[in-house]
Amino acid sequence: MFFKSNYSYSNSNTSYSDLLLEMDSGNIESIYFYPRKREIDVLYKNGKKEKVPILYNDQLIIEKASENNIDLTINNNRKESLTANSFASVALFLIFIIAIVLILRSTSKIASRALGFGKNKAKFITIDDVDTRFEDVAGVPEAAEELKEVIKFLNEPKKFSDLGAKVPKGVLLIGPPGTGKTLLAKAIAGESGVPFLTIAASEFVELFVGVGASRVRDLFEKAKEKSPCIIFIDEIDSIGRQRGSGIGGGNDEREQTLNQLLTELDGFADNSGIIVIAATNRPDILDSALLRPGRFDRKIEVMLPDLEGRKKILSVHSLSKPLSKNVDLAYWATRTVGFSGADLANLMNESAIHCARDESKSINDFHIENALDKVTLGLRTSIISSLNTKKIIAYNEVGRAIVSAVRNGIDSVDKITILPRSGYMGGYTKINPDEDVVSSGLISKKLLLSKIEIALAGRAAETIVFGKNEITQCSINDISYATNIVREMVTKYGFSLIGPLSLENSKETLLGDGFVRNKSLIADNTYSRIDNEIINISKISLNNAINIILKNRILLEKLVEILITKETIENNIFKKITFDLLNV
Ligand code: ADP
Ligand code: MG
């Protein structure tokens with residue numbers, strides 16, 4: 001009775017006054033009230049049921065009901081309204097879910113596009129027929145010789161296993177960028193006729209933890225299918241960094257990837273015909289686990305090419321180009337100290353472009369000279385017109401050339417120009433790096449001091465010629481270059497009066513109570529000694545440069561005069577003039 005559904009009551013035509021009359025005349029059995037509803041259910045004695053509209057909170061009906069002994073029931077309709085509302089709430093809930101699904105879908109689409117987390121992303125490149133051969137790699141004879149052995153491993157693995165010898169699983173190529181590491185790896189694949197699977201190590205590392213590891217797994221699985229083959233991992237330092245370095249868990253993904261790589265390296269059987277070649281220019285930061293025997297235990301250094309090497313590389317890269325008979329590549333090799341194979345390839349390519357621009361039939365020295373300028377100095381920008389500006393720049397450049405000639409010999413100056421190049425303020429004095437220094441990598445204190453003096457020589461020349469209040473900021477780049485070297489001398493190499501101490505970044509990172517603190521290991525008064533040393537060395541070097549130029553004032557004026565009219569002084573002319581006039 002209590003929960004009698006109000007749906008069985010039909011809407012009435014009975015008016016409010018009729019209802020009151022019916023109540024008085026005793027025709028009504030009971031009345032059901034619903035709180036907060038402006039209608040009641042009326043049950044007549046004759047069994048008729050109907051809904052009648054009333055006033056909100058109608059007291060009259062209640063009074064009349066008690067007067068006439070009519071049964072009054074207040075219907076707690078919470079449950080009913082629940083069922084009534086449940087439709088609406090289910091619908092709302094559904095809409096909510098659908099909306100969430102749609103939002104998630106669209107964001108995951110955006111995310112996968114942004115992060116490259118697609119399933120069908122090319123994970124690595126497989127080249128089945130590599131056409132690179134050892135002839136294409138010039139100037140790195142030692143590395144090539146060592147790698148030729150690897151070809152034997154790939155072609156006749158059985159021969160080695162019969163002898164009980166273990167073929168190396170991993171070969172690490174170490175060397176500066178552009179020296180031909182990738183090219184060498186390809187040449188091995190090409191010469192031995194095996195497929196070449198390559199991936200850059202940075203491709204392994206994604207934002208999502210675990211993706212890198214699964215890519216490593218895929219790569220080795222594919223390699224097992226294709227064996228014998230070569231896996232080449234370029235720039236391995238991006239995953240192979242020493243683990244546990246850095247703060248916090250940000251390197252989780254990289255560490256997992258590295259662990260997977262180590263596992264895979266251990267996982268494939270010896271002599272299985274898979275050789276992993278990796279390349280890096282930062283062997284110092286590699287995890288020691290990578291370098292232990294059974295992994296990348298062979299390390300092959302690929303050095304910058306020497307004079308003979310550069311000549312060979314130049315000729316490799318001019319094979320397909322129409323080179324004029326007069327071009328002597330040995331001469332160009334002397335002009336390109338410190339160039340990598342990639343730089344030399346670029347030089348020959350630029351020369352061909354200059355040649356095409358000239359519409360000439362073959363590449364001559366002039367084209368190569370222009371290309372060399374472009375490669376080393378950048379593009380020429382607008383011509384300076386003001387004589388005064390030319391003068392200032394000319395004194396700066398000639399000052400540097402003279403100090404270089406005194407300190408490192410006349411041959412050290414390759415070219416002086418006051419033609420502005422993008423990226424440089426003023427002109428440019430091209431100074432040949434010392435072949436010994438480039439090949440040995442050893443830097444002497446004397447060499448650094450001479451670099452500082454040369455860098456400050458522009459300022460020195462301006463001070464002498466124009467007076468110390470008329471100097472300009474023309475040598476701003478050289479000054480900052482000099483300061484950097486001086487700082488390194490003091491804090492890195494131990495070349496100052498402070499002594500043989502490494503004072504660079506001497507900071508201890510403390511991880512206590514969840515906070516990271518940097519505690520400097522250098523005392524405050526050592527800092528001021530460092531600064532004093534830097535200031536002293538810089539001032540002394542500027543003075544030395546001033547003295548050198550003062551001694552060569554006549555040569556300075558002569559070279560400046562030529563430079564202002566000709567704009568460029570080539571090394572043969574520089575030598576000729578300097579030879580007679582230079583005071584050392
Ligand atoms: P790395 O991998 O050491 O950074 P690469 O092997 O990718 O350098 O070299 C880039 C390009 O430079 C090569 O494609 C090639 O044209 C040229 N190159 C580099 N070293 C040599 C070399 N020793 N002999 C011939 N060409 C070279
Ligand atoms: Mg490379």
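List of remarks:
- Scanning residues 5 or more positions from Ile40 or on other chains, those with amide H under 5 Å from its amide H are Val52, Ile54, with H placed 1.01 Å from N in the peptide plane.
- The mean sequence distance of close C-alpha pairs (under 8 Å, at least 6 residues apart), as a share of the length of segment 433-584, puts its relative contact order at 22 percent.
- Protein accessible area in segment 307-377, 1.4 Å probe - carbon and sulfur %: 52
- For segment 259-387: relative contact order, % (alpha-carbon pairs under 8 angstrom, 6 or more apart): 20
- Amide H contacts of Ile363: Leu323, Ser324, each under 5 Å away and 5 or more positions distant or on a separate chain (H built 1.01 Å from N in the peptide plane; Pro and chain starts excluded).
- Taking every alpha-carbon pair under 8 Å whose residues sit at least 6 apart, the chain reaches a relative contact order of 10 percent.
- Dipole size of segment 349-471 about its Cα centre, with +1 on Lys/Arg Cβ and -1 on Asp/Glu Cβ: approximately 480 debye, rounded to the nearest 20.
- Apportionment of accessible area to carbon and sulfur, segment 387-581, percent (1.4 Å): 53
- Computed over every Cα-Cα pair of segment 325-396 and binned at 5 Å starting from 0, the pair-distance distribution P(r) comes out as 3, 14, 22, 20, 13, 11, 11, 5, 0 percent.
- Rounded to the nearest 500, the helix-only mean residue ellipticity at 222 nm of the chain stands at -16500 deg cm²/dmol, with each DSSP H run of n ≥ 4 adding -39,500 (n - 2.57).
- Whole-percent carbon and sulfur share, accessible surface of segment 139-244, 1.4 Å: 51
- Ellipsoid equivalent to segment 387-581 - semi-axes via the Cα gyration tensor, in Å: 37, 18, 16
- Counting only protein heavy atoms and a 1.4 Å probe, the chain has 54 square angstrom of accessible area per residue.
- For the chain, diffusion coefficient by Stokes-Einstein and Kirkwood Rh (Cα), 10 °C, 1.306 mPa s, µm²/s: 50
- Point-charge dipole on Cβ atoms (K/R +1, D/E -1) for the chain, about Cα centre, debye to 20: 620
- The value obtained for segment 10-76, namely the Cα convex hull volume divided by the number of residues, is 77 Å³ per residue.
The values are calculated or read from the model by the stated rules, or taken from the named source; none is laboratory data. None of these values were measured; they are calculated from a predicted model. Here the Cβ is made from the backbone with ideal geometry for all residues, glycine too, and neighbour counts use every protein chain on show. In case anyone asks, the SASA skips ligands and DNA or RNA and just uses the protein heavy atoms, side chains included. Shrake-Rupley method; radii C 1.70, N 1.55, O 1.52, S 1.80 Å.
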